[in-house]
Amino acid sequence: MIIYYLTPLKYPSTYANRAQVMKMTEAFARNGADVTLFVSRLEGEKEEVLREYGIQTDISIVVVPEGRRGLRALGLALGFLKIIKKAPEGTVFYIRDVKLCSWLLLLSSRFRKNYFFETHSLHRFSPYMYRICFKKARGIITTNKYKKDILILWGFGEDQVLVEPNAIDERRFLKLTTREEARRKLGISGNKKMALYL
C-alpha cells in the first residue's frame with residue numbers, strides 16, 4: 001500500500017503534533033506501507049530530524065514549498081496538487097489539517113476519492129468545516145470515544161469512525177535512569193513530592 005501523509009507542518013518544532021505525525025508515519029512504514037511524509041519545511045538533514053524524534057525506521061520525507069501566494073493554505077494546496085497528480089494509481093492520502101483538506105477537496109477529484117482524515121479536535125473550526133472534510137473521507141480516525149460519539153451525532157456511521165488513542169513509544173524510555181538516581185542528580189530530596197508535566 002502506498003500512503004502519502006500530507007501535512008503543512010514544519011520540522012523540527014517544539015509542538016507535540018509534530019512528534020505524533022512522525023510516529024504515525026513510522027508506524028505506517030513499520031507495518032509494511034510504502035509511506036511518504038510531505039511537509040512544508042525541513043531544517044537540517046533528514047537523518048538529524050528523524051533522530052531528534054526518535055524515529056528508528058527510515059522514512060521518506062518530501063518538502064512541498066508554500067509558494068508565493070497570500071493565502072498560505074492555498075499556496076500549499078497548489079503544491080500538494082502537483083504531488084497528488086503524480087502519485088501512483090491507488091495511492092491513499094492521509095491528512096489531519098482542516099484548511100489543507102478543504103482546499104484539496106475543492107481542487108482535486110483524485111484526492112476526494114481516496115483519503116482518510118485523522119482528527120484530534122472538533123472545536124478549532126465550525127462543525128460545518130469539519131463536516132466538509134469528513135463527508136467524503138474513506139474513514140475518520142479519532143483519538144477517543146467522546147469524539148466518535150460527536151461524529152455519530154453529526155450523522156457519520158459507526159463504521160466510518162475508528163478510535164485510536166494517543167500513545168507513547170516505550171522504546172524511548174528504556175534507558176531512563178531510576179527515580180532515585182534522577183532525584184540525586186537534580187539535588188531533590190527523596191521525600192519531597194513532585195508534580196511533572198511533559
Of 125-136, 182-193, 31-42, 73-84, ordering from highest average Cβ density within 10 Å down gives 73-84, 31-42, 125-136, 182-193
How long are the semi-axes of the equivalent ellipsoid of the range 106-148, defined as square roots of 5 times the Cα gyration tensor eigenvalues? Whole Å, largest first. 20, 13, 7
Residue separation times 0.36 nm, minus the C-alpha to C-alpha distance between residue 158 and residue 62: what's the value? 31.1 nm
Ordering 13, 109 by the accessible surface of their heavy atoms, 1.4 Å probe, largest first, yields 109, 13
The answer for the chain, accessible area per residue at 1.4 Å probe in Å², is 63
Where the centroid of each part is defined by its Cα atoms, how far is the range 99-174 from the range 1-31 in Å? 15
Quick check on the chain: helices-only [θ] at 222 nm, where DSSP H runs of length 4 and up contribute -39,500 (n - 2.57) each and the sum goes over total residues. Nearest 500, please. -11500 deg cm²/dmol
Burial-style ranking of 48-61, 110-123, average other-beta-carbon count within 10 Å with highest first, yields 110-123, 48-61
For the range 1-74, what is Rg from Cα atoms divided by 2.2 N^0.38 Å, rounded to two decimals? 1.10
Rg in Å to one decimal, and Dmax rounded to a whole Å, for the range 58-198 via C-alpha atoms: 21.0, 62
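The values are calculated or read from the model by the stated rules, or taken from the named source; none is laboratory data. These figures come from a predicted structure and were not determined experimentally. No Cβ is skipped: glycine too gets one built from the backbone with ideal geometry, and neighbour counts run over all protein chains shown. Heads up: the accessible areas ignore ligands, DNA and RNA and are worked out on the full protein's heavy atoms, side chains in. Shrake-Rupley method; radii C 1.70, N 1.55, O 1.52, S 1.80 Å.
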